[in-house]
Amino acid sequence: MGLENLLLGFSIAVTPFNLFVAVVGITLGTIIGVLPGLGGANGVAILLPLTFTMPPTSAIILLTSLYWGALFGGAITSILFNIPGEPWSVATTFDGYPLARQGQGGQALTAAFTSSFVGALFSIVLITLFAPLLAEIALRFGPPEFFAIQLLTFSSFVGLGGGNPLKSLVSILLGFILAAVGLDIVTGQLRMTFGITDLMKGFDFIIAVIGLFGIGEILLSVEEGLTFRGAATGMNLKVVLQTWKILPRYARTFVRGAFIGFWMGFKPGGATPASFMSYAFAKRFSKHPERFGKGELEGVVAPETAAHAAGVAAILPMITLGIPGSPTAAVMLGGLIIWGLQPGPLLFTEKPDFVWGLIASMYTGNIIGVLMVLAGVPFFAAILRVPFAILTPLIVVVCAVGAYAVHSSMIDVWYMMIFGVVGYVFKKLDYPLAPLVLALVLGDLAENALRQSLIMSQGSLTVFFTRPIACVITVAALFFLFMPILTPWWRRLRGLPPTPSAPAEA
Amino acid sequence: MRQISTSVLLLMLLAGTLLATSAAAWEPTKPIEFVVPAGTGGGADQMARLIHGIAEKHKLSPRPIIVVNKSGGAGAEGFLHVKGKKGDAHTIIITLSNLFTTPLHTGVPFSWKDLTPVTRLALDQFILWVNAETPYKTAKEYIAAVKEKNGTMKMGGTGSAQEDQILTIMLEQAQGVKFIYVPFKGGGEVCVNLVGKHVDSTVNNPAECVSHWKANRVRPLAVFDTERIPVGEWKGIPTIKEALGSDIHYLMLRGIFGAPDMPKEAVDWYVGFLKKVTETPDWKKYMEDNALKPAFTSGAEYVKWVEENEQLHRDLMAKGGLLKQ
Amino acid sequence: MTRTADLATAALLLLIGLIAVVDSLRLGAGWGSDGPKSGFFPFWLGTLLLVVTVVIAVQAWRRGPGKPFVTREQLRPVMQVLWPAVAMVALTAVIGLYVASALYLAFYMRWVGRHRWLTVVLISIGIPVVTFLVFEQWFLVPMPKGPLETWLGY
């Protein structure tokens, strides 16, 4: 390792052409991040042919910049319209959207972008210093470890919602059941499809989210006859500086989010669970957990820091192990192959200029990215000033286009509409939506990892306790799962009043 | 000098005739939808995106190609999508073995006969891999160890009742051993789990493990083919027959089909287009790096090969108890 | 009434739970030699859903009718968004997404928003055109198309 490698990298990344390429990539990426349904994978696939005329380092800078842009951009529609532009910005809607409704969209956006940048920076520094070592750690994660992580994500989140715990349970169960529809990869059998072709691909998380959150929210807000208080948002950059003054307060949330994000980012699809877990921990450790979900800035900081940290960390297995951490990385991998590079453990020694150029470009790309999106804050916030009767149908159209774009499938648009109505009814009847969404994300991953583990151990559950890493994570997960039950018991044992001062459940 | 100019003239003539014929023949008039019945990052997806890349780079298609992944239901989603596009001249699909295995195992109603065969591009090899830190230098030593451990060694593979499991069962039956088969979502994931020692062996395609091999993390023991792979360092890997004495061979189709009842002229255009793709240096390098067997063919020969292979899969899956009950 | 809505939702959830249980029994809901079978998780998820939903339904029944789930005045704007949106999705299959979304935008802006015709026409044509450029041309994500696009050669 060492400094000279990184300096070599910077000498490659900081050329006028490569900086220009980064700006182009980030602009396109932000657009992709904003539009639900369009993911980084689409953008990368489209730009790929363009990269054949470039040196591989410029090419990968273009593609990764697009990816950073998408990571930043995902927060914009989450905050402004409650529509997560990307899966990992679902948790950002929980507090970001209420903030926007209260006329604080500018603050929420600034906090989101800044957190993204901090999370990214944290991951990049770790990659710079420890990339090969981290790759070794990633290798030690087999199915039992992954299942333990899914369990931890889940158990950190349950018991956090308010209202009727039975209704939370229904949401969770429904999410898991929907996640089970389609092919069971462990046995290759079709579940709950009843021979209907359209059910075979199962329920896509992003379709459900566009419906539940996007359409559901539109229906709720027209019912309440509310319009956005966009006018309260100033049209200048002062809001950025004002928000920056508040943000140091959340230093601990930043660090926690960055750690969670980086650690989870190794695993394919890690950014989304990471954002949920970070949100859950922020709420658990907060002095005011009751403010979460109603417009707490910390509720934006936590998921965004983790999501971007995970997004950056996902690049690591791609370059060091040759396995993609996300669909976007998968398409990039295809790119590496076409450029004549062999992704995998040898890349560091065989193509140091490429690898270190890429790592250096992570710094430059994210710095350029955060400056660009922050400069756009007043503009994004001003979107809310668009008259209501134009904005409403526009959001519906964007949702429909997005839902179709995910799999180029019309049935998905219908699913989205149905999820929209479900979202509206559930919200009115106090069924929480977040557990449903989380269960839908984790259901598939968790069940596969669990069953792979059990096949490996021939049906014995001890596999989660005999392997050291899995054991630590599983115990932590069980601790959080039973904390709501254990806390009163523990307090009684010590002669304290049965209600804890910091409500971990409600 | 004279010779050169003659050949240039000849080339120009040839190019002229080619241009003239292609101008009269069918050409795509809108973007081509290229369906991948598998997820992003796998072998089929890589190849589709390579074809897309080569077509763009060498300007081989007048209209853009749009790669669409439809991996639901072990690829059933993609196949049924194309099956529904009767007579469409702008939809093609890349196939892997799930063309045969998915309908046989899940009973989803489609068959290659619903589609229009276009070309066979290549055949993919399978190799028996173990972790490089294990003491097994040959397949014989490894199989002996599997026997000794009495059914507790783990074989990792992609999906369930698909090619990797078929191969595992073939190996089990030929050698009288027993593995614990652990299914994963994709080939890259399988090989990483081998490197991480979460499984004991895999039957990965060369492309999925090659980088770990070069980094000395995994060791190839035998090729599941009748002859050795004739390129590069792959030559050093014995066939399964050389290594174990039993002749287990299996190759996976990497081919292209079109929508049902695709017009004849359109099929001809795709055959010509793909022929040009396979003649580019980029394609040849990819084939060599990933130890793919070049096997370009089309027309009746292709159909005959597919027919034979469908029967082969039916037999193999019946033997392994993988057919839908 | 909120109670009616609660009970109706519970009925739907019961149906989903039942589907999960029935299909899981077909697949085998037991614990095989190497871990749970295909139907194991859906079976228990479905069973638990049935139980919890029944409890919720009983709770809702005991609580009494409650306040109205949605008033007529509240429902009106919701339906103004929902039905045209459903119509748009239905029409997409026939005339393509671009034309359908243009019609939807125009309809809502004029009918609900009472915007000037000029604004209505500009936006309802402009948005689909921008969508077309971004998705179809730029990111090569094809959207469902109808006769208009065919006529234009796409």
Completion exercise
When A and C pair up, the total accessible heavy-atom area removed from solvent (1.4 Å probe), in Å² to nearest 100, is 5400 Å²
Fill in the blank from the handout: Once amide hydrogens are built 1.01 Å from N within the peptide plane, the residues lying 5 or more places from residue B:295 or on another chain with amide H under 5 Å from its amide H are B:122, B:123
Practice task
Mind listing the long-range amide H neighbours of residue B:181? Cut-off is under 5 Å, sequence gap 5 or more, other chains count too, H placed in the peptide plane at 1.01 Å from N.
Solution key: B:155
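Using a 1.4 angstrom probe, figure out how much accessible area segment C:72-152 has per residue, in square angstrom, rounded to the nearest whole.
54 Å²
Distance cut-off 21 Å, Cα to Cα: go down the list B:83/C:37; B:284/B:304; B:59/B:285 and report the pairs above it.
Numbers: B:83/C:37 32 Å; B:284/B:304 26 Å; B:59/B:285 19 Å.
Pairs exceeding 21 Å: B:83/C:37; B:284/B:304.
Quickly estimate the mean residue ellipticity at 222 nm for the protein assembly as shown, helices only: each DSSP H run with n ≥ 4 gives -39500 (n - 2.57), and the total goes over all residues, rounded to 500.
Result for the protein assembly as shown: -20500 deg cm²/dmol, rounded to the nearest 500.
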Fill in the blank from the handout: HN-Hα couplings for segment A:426-440 via Karplus (6.51, -1.76, 1.60; θ = phi - 60°), in whole Hz with x for Gly/Pro, come out as 4, 4, 5, 9, 6, 8, x, 8, 4, x, 4, 5, 5, 5, 5
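So if I place +1 on the C-beta of Lys and Arg and -1 on the C-beta of Asp and Glu, and nothing else carries charge, what would the dipole magnitude of the protein assembly as shown be about its Cα centre? I want it in debye, nearest 20. Write out the running numbers ahead of the final one.
On the way: 75 positive and 62 negative charges, 448 e Å.
Once rounded to the nearest 20, the dipole reads 2160 debye.
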Exercise for the section: Find me the longest stretch of chain C that has none of the exposed trypsin sites (Lys or Arg not before Pro), where exposed means in a DSSP loop (not H, G, I, E or B) with at most 12 other Cβ atoms within 10 Å. Expected result: C:1-113
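Per residue, what accessible area does segment C:2-63 have, given a 1.4 Å probe and all protein chains present, in Å²? Please report the intermediate quantities before stating the final value.
Values: 3120 Å² over 62 residues.
Value for segment C:2-63: 50 Å² per residue.
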Fill in the blank from the handout: Gyration tensor on Cα atoms of chain C, a ≥ b ≥ c root eigenvalues, a/c under 1.5 rounded, else prolate if a/b beats b/c, else oblate, says oblate
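If you average the sequence gap of Cα pairs under 8 Å that are 6 or more apart and divide by the length of chain A, what percent do you get for the contact order? Working shown, then result.
Working: 929 pairs, mean separation 144.6, N = 506.
Across chain A, relative contact order equals 29 percent.
Tell me, what % of the accessible area of segment B:127-244 is carbon and sulfur with a 1.4 angstrom probe?
Details: 2020 of 4200 Å².
Taking all protein chains in place, segment B:127-244 shows 48 percent carbon and sulfur surface.
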Completion exercise
Note on segment B:127-244: alpha-carbon gyration tensor, axes a ≥ b ≥ c; rule is a/c under 1.5 for rounded, else prolate if a/b larger than b/c, else oblate; result rounded
Exercise for the section: Sequence neighbours fewer than 8 away in the same chain don't count; with that in mind, list the lysines whose C-alpha is under 23 Å from residue A:287. Expected result: A:245
Fill in the blank from the handout: Taking a straight Cα-to-Cα line shorter than 25 Å from residue A:427, and setting aside same-chain lysines fewer than 8 residues away, one finds A:167, A:283, A:294, C:67
Handout entry: In sequence order, calculated HN-Hα J values of segment A:214-224 (Karplus, 6.51, -1.76, 1.60; Hz; x Gly/Pro)
Key = x, 5, x, 5, 4, 4, 5, 6, 5, 5, 6
Exercise for the section: Enumerate the helices in chain B for which the Kyte-Doolittle hydropathy averages -1.0 or more and the C-alpha atoms extend at least 27 Å along the helix's axis, using complete DSSP H runs. Expected result: B:2-24, B:299-320
Practice task
Pop out the carbon and sulfur fraction of the accessible area of chain A as a percent, whole number, probe 1.4 Å.
Solution key: 70 percent
Completion exercise
In this structure, the FRET efficiency calculated for residue B:149 and residue B:311 from their beta-carbon separation, with R0 = 41 Å, to the nearest 0.05, is 0.70
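Given a 1.4 Å probe and every protein chain left where it sits, what share in percent of the accessible area of segment C:72-152 is carbon and sulfur? Each step should come with its number before you reach the end.
On the way: 3160 of 4360 Å².
Carbon plus sulfur share of accessible area: 73 percent.
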Handout entry: Nitroxide proxy distance, nm - points 7 Å out along Cα→Cβ at residue B:140 and residue A:353
Key = 4.8 nm
Handout entry: B versus A: buried accessible surface, summed, Å² (probe 1.4 Å, to nearest 100)
Key = 3600 Å²
Problem - Distance between modelled label sites at residue B:228 and residue C:94, nm, 7 Å Cα→Cβ extension - result: 6.8 nm
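At 1.4 Å probe radius, can you tell me the per residue accessible area of segment A:1-67 in Å²? Display every interim value, and only then the final one.
On the way: 2360 Å² over 67 residues.
That works out to 35 Å² per residue.
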Exercise for the section: Mind counting lysine pairs for me in segment B:127-244? Cα separation below 22 Å, and the two need to be 8 or more apart along the chain or on different chains. Expected result: 27
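For a test of the definition: using alpha carbon positions, the gyration tensor, and the 1.5 limit on a/c, classify chain A as rounded, prolate or oblate. Before the final figure, lay out the partial values.
Details: a/c = 1.34, a/b = 1.13, b/c = 1.19.
Since a/c stays below 1.5, the shape of chain A is classed as rounded.
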Practice task
Mind listing, in residue-number order, the residues in segment A:294-339 that have at least 30 Å² less accessible area with every protein chain present than in their own chain alone (1.4 Å probe)?
Solution key: A:321, A:323, A:330, A:331, A:337, A:338
Handout entry: At least 50 Å² accessible surface lost relative to isolated chain, residues of segment A:442-462 (1.4 Å probe)
Key = A:451, A:452, A:455, A:456, A:458
Practice task
Would you grab the residues whose amide H sits under 5 Å from the one on residue B:222? Only those 5+ places off in sequence or on another chain, please, with H modelled 1.01 Å from N.
Solution key: B:128
Handout entry: Pairwise centroid distance, computed over Cα atoms, of segment A:194-216 with segment A:252-295, Å
Key = 26 Å
Problem - Gaussian network model of chain B, springs between alpha carbon atoms under 10 Å - residue of B:187, B:159, B:245 with greatest fluctuation - result: B:245
Problem - Backbone HN-Hα couplings from phi across segment A:417-425 [Karplus 6.51/-1.76/1.60, Hz, Gly and Pro as x] - result: 4, 5, 4, x, 5, 4, x, 5, 5
Handout entry: segment B:70-157: GluC sites (Glu not before Pro) in DSSP coil with no more than 16 other Cβ atoms inside 10 Å
Key = B:133
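The values are calculated or read from the model by the stated rules, or taken from the named source; none is laboratory data. Given the structure is predicted, the values throughout are model-derived calculations rather than measurements. Cβ atoms come from the backbone with ideal geometry, glycine included; neighbour counts cover every protein chain shown. Just the protein is used for accessible areas: all its heavy atoms, side chains included, with ligands, DNA and RNA removed. Shrake-Rupley method; radii C 1.70, N 1.55, O 1.52, S 1.80 Å.
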